[in-house]
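Let me begin by presenting the structure, written as structure tokens, before commenting on it.
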Amino acid sequence: MAEVHFGRKDEPATPLRQSNDFIAVRTHHPIVMRRPPVPGPLELALPDTGLAASFPEANVGIYRVPEGTAAAVADAKAQLREMPDVRFAGRVLVDEAGTPVAYTENLFIKFVDRMSEADCLAILDEHAVTVKHKVSYALNAWFIAADGQGQKVFDIAEALLERKGVEYCHPEIVREGSSKTIYPEQWHLAETKIGDTPVVAHANVEAALAVATGKGVTIAVLDDGFDIDHPEFEGRIVEPRDAILRTDDPRPKDPKPLEPENHGTACAGVACAGGVRGASGVAPDANLMPIRVSMTLGTAAEAEAFQWAADNGADVISCSWGPPDGNWQKDNDPAHHTPWPIPASTRLAIDYAATKGRGGKGCVIVFSAGNGNEDVGLDGYASYDKVIAVAACNDRGVRSGYSDHGDAIWCTFPSNDAPHNPTGRPAPLTTGIWTTDRVGSRRGYNSGHPLSGDAEGFYTNKFGGTSSSCPGVSGVVALMLQVNPKLTRDEVRTILAESCDRIDEENGAYDARGWSRFYGWGRINAKRAVDLAAGWAGTALRSAAE
């Protein structure tokens, strides 16, 4: 059993246990994490049951062990350890739901601000760790390495956390994240008809665009990769970044061929597609800062992406990702009760963006709430108090069945849905949200068929989840900041609350303040948000601004 303190030592720890159900392999060089047609020595030594999880940035693959093969697995580990390119082969840690996680033998540490750098480095030297690099989004903070120590990194982290002056210290624990997508036109922006069916469940964006289009405002979208050559983004790409590779090329790299990096292009389109060819974003004239981050949670690159956004002029930061959700249709899924805290490294980077961004007014940081029909409080990212958590509602004007709920939900934006016969949830009126897709018949969600979007493959009509709701709200914030760039992050948050329309009054369980654990303050009304922003006098219009 291991425990990880993602926060301070007096905050609850996250328990992890060793599992004999998996084997982890870490190599010195990148490997293809799936068995090739002609397997080599490495593949032949691995369990023949397929990949359970992979972390390409760390060169780690986790494989499920067949039942009753303990002796064979022991032999496999011994073979693997003899291979020159294998750094590690051994048991795997899992969370409370049994989901495998990986550790990289790196740690994040932050000392209290008042300590001198010399004293900090002296403590690190006592513990025989190697400094990898100092971060600049927090004082006295470093990523350090304990190479070759294996699971002893947990003991090292605990020992450091007990030292006087150490505020945070945790191993770099990573797990596979999940894009907030559940996979017709643009009914979420205005009243329309799909076939002969009227759809009136929009966020009043069309009316808002008569006042503002987001011009001069920059939306940073942190996601898995971006088709920055798509015509809907032409001329509006600023400060692109691949936070994983530390380059200026955030295009999709597809490290997992069976899970191509399509998500970022779709999210960016919801926020700020230009409407020049076939899809308009909520803020069609806003600049797009595409930042490629891994869907592996908890990396150094994840934290540094927020700093990059803040330091390079982002006004809004849109994040449609987070810990994996439970199956929204299965009440007994153990993942519904498995919390995943936000690491201190990422938390401090978000703090940096929320306080230092926009010249001290703070970047507005928006997260998708999640798609598990579970408590958003389990998600340490979306429930963090420096971000805005966005839930999803459907084309009938009620909560999407998968949308997470709870105390952190701030507002709701239209997205897709799915039928659910046991609860009587009807089929949605539409296939989902129409947005940009990776161009080309072999890429993206739409391979080039009118039933999936357009025949050329520039757009998809099936995007959704709270992944789509999050950039929708990010676009609304861009419209607000165009008409009033002096707004602080907290003022934007308050105005969003003031602007919402209550929907589903019968089942929304709104309290006396007008807040619902399912909808927050309700569905965003973009026109009202822009009007309130333009005339904002600095006082709350409701008593519920927190």
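Please work out how much length the chain gains when fully extended from THR355 to LYS330, using 0.36 nm per residue of separation minus the C-alpha to C-alpha distance, in nm with one decimal.
Working: separation 25, 0.36 × 25 = 9.00 nm, distance 3.95 nm.
That pair, THR355 and LYS330, stretches by 5.0 nm at full extension.
Would you rank LYS164, LYS256, LYS527 by solvent-accessible area, highest first, keeping every protein chain in place and using a 1.4 Å probe? Intermediate results must be reported in sequence, preceding the final value.
Values: LYS164 180, LYS256 35, LYS527 55 Å².
Ranked list, largest accessible area first: LYS164, LYS527, LYS256.
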(request) Would you mind classifying the chain by shape? Square roots of the alpha carbon gyration tensor eigenvalues, ordered a ≥ b ≥ c; an a/c under 1.5 is rounded, otherwise it is prolate if a/b is larger than b/c and oblate if not. (result) prolate
(request) State the Cα centre-to-centre distance between segment 229-288 and segment 450-515 in whole Å. (result) 19
(request) Can you figure out the FRET efficiency of MET83 with HIS420, using R₀ = 60 Å and their beta-carbon distance, to the nearest 0.05? (result) 0.80
(message) In whole Hz and in residue order, list the ³J(HN,Hα) couplings for segment 508-520 that follow from phi through the Karplus curve 6.51 cos²θ - 1.76 cosθ + 1.60, θ = phi - 60°; x for Gly and Pro.
(response) x, 6, 5, 8, 5, 7, x, 10, 10, 5, 8, 10, x
(message) Heavy atoms of the protein only, probe of 1.4 Å, neighbouring chains included. What is the accessible area of ARG489 in Å², nearest 10?
(response) 40
(request) List, in order, the whole-Hz ³J(HN,Hα) value for each residue of segment 149-160 obtained from phi through the Karplus relation with A = 6.51, B = -1.76, C = 1.60 and θ = phi - 60°; use x for Gly and Pro. (result) 8, x, 6, 5, 4, 5, 5, 5, 4, 5, 5, 5
(request) Report the accessible area of ARG251, computed with a 1.4 Å probe over the heavy atoms of all protein chains in place, in Å² rounded to the nearest 10. (result) 90
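Within the chain, what percent of beta bridges assigned by DSSP are antiparallel, to the nearest 5? Kindly include the intermediate steps, with their values, before the conclusion.
Values: 54 of 82 bridges.
Looking only at bridges with both residues in the chain, the antiparallel portion is about 65 percent.
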(message) Roughly how far apart, in whole Å, are the Cα centres of segment 73-112 and segment 370-391?
(response) 29
(request) Provide the per residue accessible area, probe 1.4 Å, for segment 467-519, rounded to a whole number of square angstrom. (result) 35
(message) Explain nothing, just the number: relative contact order of segment 354-424, from Cα pairs under 8 Å at least 6 residues apart, as a whole percent.
(response) 29
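Take the solvent-accessible surface of the protein heavy atoms, probe 1.4 Å, and return the percent of it on the chain that carbon and sulfur atoms account for.
On the way: 10440 of 21450 Å².
Summing carbon and sulfur atoms, their accessible area is 49 percent of the total for the chain.
For the full complex of protein chains and a 1.4 angstrom probe, list HIS133, HIS449 by accessible area with the highest value first.
Working: HIS133 55, HIS449 90 Å².
So, going from the largest accessible area down, we get HIS449, HIS133.
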(message) Which of the three applies to segment 464-546, rounded, prolate or oblate, going by the alpha-carbon gyration tensor with a ≥ b ≥ c and a/c under 1.5 meaning rounded?
(response) oblate
(message) So, taking all protein chains as they sit and a 1.4 Å probe, how much accessible area belongs to ASP10, in Å² rounded to tens?
(response) 130
(request) For segment 109-124, take each phi angle, set θ = phi - 60°, evaluate the Karplus expression 6.51 cos²θ - 1.76 cosθ + 1.60, and give the result in whole Hz per residue in order, putting x for glycine and proline. (result) 9, 9, 8, 4, 4, 6, 6, 6, 4, 4, 5, 4, 5, 5, 5, 4
(message) Name the residue from LEU160, ALA353, TRP321 whose Cα lies farthest towards the positive end of the charge dipole of the chain, charges +1 on Cβ of Lys and Arg and -1 on Cβ of Asp and Glu.
(response) ALA353
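Give, rounded to the nearest 20 debye, the magnitude of the charge dipole that the chain has about its Cα centre when Lys and Arg contribute +1 at Cβ and Asp and Glu contribute -1 at Cβ. Numbers along the way, then the final one.
Values: 53 positive and 73 negative charges, 98 e Å.
Using Cβ point charges on Lys, Arg, Asp and Glu, the chain gives about 480 debye.
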(message) For GLY465, what residues show an amide H to amide H distance below 5 Å, using hydrogens built from the backbone and excluding near sequence neighbours?
(response) ILE182, ASN416
(request) Could I have the simple spin-label model distance between ASP249 and ASP501, label points 7 Å from Cα toward Cβ, reported in nm to one decimal? (result) 4.5
(message) Can you classify segment 396-546 as rounded, prolate or oblate using the Cα gyration tensor, where a ≥ b ≥ c are the square roots of its eigenvalues, rounded means a/c under 1.5, and otherwise it's prolate if a/b beats b/c and oblate if not?
(response) oblate
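Cα convex hull of segment 300-364: how many Å³ per residue? Write out the running numbers ahead of the final one.
Values: hull volume 6.1 nm³, N = 65.
That works out to 93 Å³ per residue.
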(message) I need the calculated FRET efficiency for the pair LYS9 and ALA455, taking r as the beta carbon distance and R₀ as 45 Å, to the nearest 0.05.
(response) 0.20
(message) Give me the 1.4 Å probe accessible area per residue for segment 347-435, excluding ligands and nucleic acids, in Å².
(response) 28
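With every protein chain kept in the model, how would you rank LEU496, LEU245 by accessible area, 1.4 Å probe, largest at the top? Kindly include the intermediate steps, with their values, before the conclusion.
On the way: LEU496 0, LEU245 100 Å².
I get LEU245, LEU496, largest accessible area first.
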(request) Show the residues, 5+ positions off or on another chain, whose built amide H is closer than 5 Å to the amide H of ILE237. (result) LEU288
(message) Probe of 1.4 angstrom, ligands and nucleic acids ignored: what's the accessible area per residue over segment 273-312, in square angstrom?
(response) 22
(request) Give me the Debye-computed log₁₀ of I(q)/I(0) at q = 0.14, 0.18, 0.23 Å⁻¹ for segment 188-297, equal point scatterers on Cα only, no solvent, two decimals. (result) -0.60, -0.88, -1.17
(request) With runs of 4+ DSSP H residues as the only contributors, calculate the mean residue ellipticity of the chain at 222 nm using -39,500 (n - 2.57) per run, divided by the residue total and rounded to the nearest 500. (result) -6500 deg cm²/dmol
(message) Under the rule of at least 5 residues apart or a separate chain, name every residue whose amide H is placed under 5 Å from the amide H of ARG87.
(response) ARG26, THR27, HIS28
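The values are calculated or read from the model by the stated rules, or taken from the named source; none is laboratory data. Worth saying up front: this structure is predicted, and the values here are computed from it rather than measured. Don't worry about glycine lacking a Cβ; one is built from the backbone with ideal geometry, like all the others, and counts go over all protein chains shown. Just so you know, the surface numbers come from the protein's heavy atoms only, side chains and all, with ligands and any DNA or RNA stripped out. Shrake-Rupley method; radii C 1.70, N 1.55, O 1.52, S 1.80 Å.
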